[in-house]
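Trainee: Provided herewith is a single structure, encoded as structure tokens, for subsequent inquiry.
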Amino acid sequence: AQSVAQPEDQVNVAEGNPLTVKCTYSVSGNPYLFWYVQYPNRGLQFLLKYITGDNLVKGSYGFEAEFNKSQTSFHLKKPSALVSDSALYFCAVRDKKGTYKYIFGTGTRLKVLA
Amino acid sequence: DGGITQSPKYLFRKEGQNVTLSCEQNLNHDAMYWYRQDPGQGLRLIYYSQIVNDFQKGDIAEGYSVSREKKESFPLTVTSAQKNPTAFYLCASSIGTEIYEQYFGPGTRLTVT
């Protein structure tokens, strides 16, 4: 079965420092991977996705993610964190081929400290 | 403005009552989804629809029902059979192919007492 894991419930980082939010996946076939961000009491917003091509994917708000097939990971990164980046981040993977269903991780709360 | 709307933002009901949550999109998307979000549990799929007049159960469909009579609308009914209905409900849509991301509504917070 397809699955995605976010091993950290919370990540704390100082403003200006680089940040990483981890995601690992288990899929059969080609992995279609997504990152979303959720601010309090709001819906999710799409950040970036990996479908094929370059392993380094650039997205919104200065975020990027590195697809690593050998480690089955898709970690979200940003070179310099902002306090406004503090939010809940979700990794997601396409479910079985042929369906429009996605599996979401449990989320990682990012806290950027001033 | 194109987007996906959910109403109301907050909803309060007494136990034993059915309640319907609205979800409308004007993005011309084929696929629509309902998720439930509880603290510490991420998003869990309730129902999804890949095309008008068709929908499939997700992982936690018991106690919920949906309809998809129009492309732009995907209402969710929380029935009295749902044992723990208090949660944050999110509706989403996507173009309808696997490589496209989902667009989410602002959510409805349902409280049942």
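The values are calculated or read from the model by the stated rules, or taken from the named source; none is laboratory data. The model shown is predicted, which means the values in this text are computed figures rather than measured ones. So basically every Cβ, Gly included, is an ideal-geometry build from the backbone, and we count neighbours across all protein chains shown.
Trainee: May I ask you to list the residues in segment A:62-95 that are part of a strand (DSSP E or B) and among the hydroxyl-bearing types (Ser, Thr, Tyr)?
Mentor: Applying the first criterion (part of a strand (DSSP E or B)) to segment A:62-95 yields A:64-68, A:73-78, A:87-94.
Result: A:73, A:89.
Trainee: Could I ask something else about it? Restricting attention to segment A:6-32, which residues are among the aliphatic types (A, V, I, L, M) and modelled with pLDDT of 95 or more? Don't jump to the end; show me each part of the working.
Mentor: Filtering segment A:6-32 down to residues among the aliphatic types (A, V, I, L, M) leaves A:11, A:13-14, A:19, A:21, A:27.
Within segment A:6-32, A:11, A:13, A:14, A:19, A:21 meet the criteria.
Trainee: Could I ask something else about it? Only one of (1) within 13 Å of chain B (Cβ to nearest Cβ); (2) surrounded by 13 or more Cβ atoms within 10 Å (Cβ to Cβ); (3) under 23 Å from residue B:105 (Cα atoms) is not met by residue A:5, so which one is it?
Mentor: (3)
Trainee: Could you look through segment B:76-109, keep only residues that are in contact (Cβ under 8 Å) with a residue 40 or more places away in the chain and aliphatic (A, V, I, L, M), and pick out the one that is farthest from residue A:34 (Cα to Cα)?
Mentor: My answer is B:78.
Yes/no per residue for (1) over 13 Å from residue B:110 (Cα atoms); (2) assigned to a strand (DSSP E or B); (3) touching a Ser or Thr at 6+ places or on another chain (Cβ under 9 Å):
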{"position": "B:59", "(1), (2), (3)": "yes, no, no"}
{"position": "B:82", "(1), (2), (3)": "no, no, no"}
{"position": "B:88", "(1), (2), (3)": "no, yes, yes"}
{"position": "B:93", "(1), (2), (3)": "yes, yes, no"}
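Trainee: Return the total of residues in segment A:33-88 being at pLDDT 95 or above, over 26 Å from residue B:40 (Cβ atoms) and in contact with an Asp or Glu (Cβ under 7 Å, 6 or more places away or on another chain).
Mentor: Number of matching residues: 3.
Trainee: Just need a number here: residues in segment A:96-114 that are part of a loop (DSSP other than H, G, I, E, B) and surrounded by fewer than 19 Cβ atoms within 10 Å (Cβ to Cβ).
Mentor: First, pick out the residues of segment A:96-114 that are part of a loop (DSSP other than H, G, I, E, B): A:96-101, A:105-107, A:114.
Within this subset, residues satisfying the condition of being surrounded by fewer than 19 Cβ atoms within 10 Å (Cβ to Cβ) are A:96-99, A:101, A:106, A:114.
Final tally of qualifying residues: 7.
Trainee: Within segment B:25-75, restricting attention to residues that are in contact with a Phe, Trp or Tyr (Cβ under 8 Å, 6 or more places away or on another chain) and among the basic types (Lys, Arg), which residue is nearest to the other protein chains (Cβ to nearest Cβ)?
Mentor: Top of the filtered list is B:44.
Trainee: Right, here's the next one. Whether any residue in segment B:41-50 is on the phi < 0 side of the Ramachandran plot, charged (D, E, K, R) and in contact with an Asp or Glu (Cβ under 6 Å, 6 or more places away or on another chain) is what I want to check. Don't jump to the end; show me each part of the working.
Mentor: Taking segment B:41-50 as the starting set, the residues that turn out to be on the phi < 0 side of the Ramachandran plot are B:41, B:43-50.
Right, trim to charged (D, E, K, R) and you get B:44.
Now restrict to residues that are in contact with an Asp or Glu (Cβ under 6 Å, 6 or more places away or on another chain): B:44.
Yes, the conditions are met somewhere in segment B:41-50.
Trainee: Could you count how many residues in segment A:11-61 are touching a helix residue (DSSP H, G or I) at 6+ places or on another chain (Cβ under 9 Å), in a strand (DSSP E or B) and away from chain B (no Cβ under 14 Å)?
Mentor: Within segment A:11-61, residues that are touching a helix residue (DSSP H, G or I) at 6+ places or on another chain (Cβ under 9 Å), in a strand (DSSP E or B) and away from chain B (no Cβ under 14 Å) number 2.
Trainee: Just to be sure before I move on: is residue B:11 crowded, with 22+ Cβ neighbours inside 10 Å, at pLDDT 90 or above and either over 11 Å from the mean Cα position of the chain (by Cα) or within 11 Å of chain A (Cβ to nearest Cβ) (or both) in the structure I sent?
Mentor: Details: crowded, with 22+ Cβ neighbours inside 10 Å: no; at pLDDT 90 or above: yes; either over 11 Å from the mean Cα position of the chain (by Cα) or within 11 Å of chain A (Cβ to nearest Cβ) (or both): yes.
Criteria not met by residue B:11.
Trainee: Same structure again: Can you tell me which residues in segment B:14-40 are part of a loop (DSSP other than H, G, I, E, B) and either charged (D, E, K, R) or surrounded by fewer than 12 Cβ atoms within 10 Å (Cβ to Cβ) (or both)? Walk me through how you get there before you give the answer.
Mentor: Residues of segment B:14-40 that are part of a loop (DSSP other than H, G, I, E, B), as a first pass: B:14-18, B:26-30, B:38-40.
B:14, B:15, B:16, B:17, B:28, B:30, B:38, B:39, B:40, listed by residue number.
Trainee: Being at the interface with chain A (Cβ under 8 Å from one of its Cβ atoms), within 12 Å of residue B:32 (Cα to Cα) and hydrophobic (A, V, I, L, M, F, W, C) is the filter here; which residues of segment B:92-113 pass it? Can you show your working first?
Mentor: First pass over segment B:92-113, keeping only residues at the interface with chain A (Cβ under 8 Å from one of its Cβ atoms): B:92, B:94, B:96-99, B:101-107, B:109.
Within this subset, residues satisfying the condition of being within 12 Å of residue B:32 (Cα to Cα) are B:92, B:94, B:96-97, B:101-105.
Of everything in segment B:92-113, those that are at the interface with chain A (Cβ under 8 Å from one of its Cβ atoms), within 12 Å of residue B:32 (Cα to Cα) and hydrophobic (A, V, I, L, M, F, W, C) turn out to be B:92, B:104.
Trainee: Name the one entry in A:10, A:38 that is more than 17 Å from residue B:99 (Cα to Cα), buried (at least 20 other Cβ atoms within 10 Å of the Cβ) and not aliphatic (A, V, I, L, M). So that I can check it myself, show each step before the final result.
Mentor: On the way: A:10 fails: buried (at least 20 other Cβ atoms within 10 Å of the Cβ).
Just one listed residue meets the conditions, A:38.
Trainee: Of the residues A:8, A:64, which single one is acidic (Asp, Glu) and free of Cβ contacts under 8 Å to residues at least 40 places away in the same chain? First the steps, then the outcome.
Mentor: Values: A:8 fails: free of Cβ contacts under 8 Å to residues at least 40 places away in the same chain.
The unique qualifying residue is A:64.
Trainee: So for segment A:72-86 (the condition being closer than 20 Å to residue A:39 by Cα and within 14 Å of another protein chain (Cβ to nearest Cβ)), does at least one residue qualify?
Mentor: Narrowing segment A:72-86 to residues closer than 20 Å to residue A:39 by Cα: A:75-78, A:80-86.
Okay, now just the ones that are also within 14 Å of another protein chain (Cβ to nearest Cβ), so none.
No, the conditions are met nowhere in segment A:72-86.
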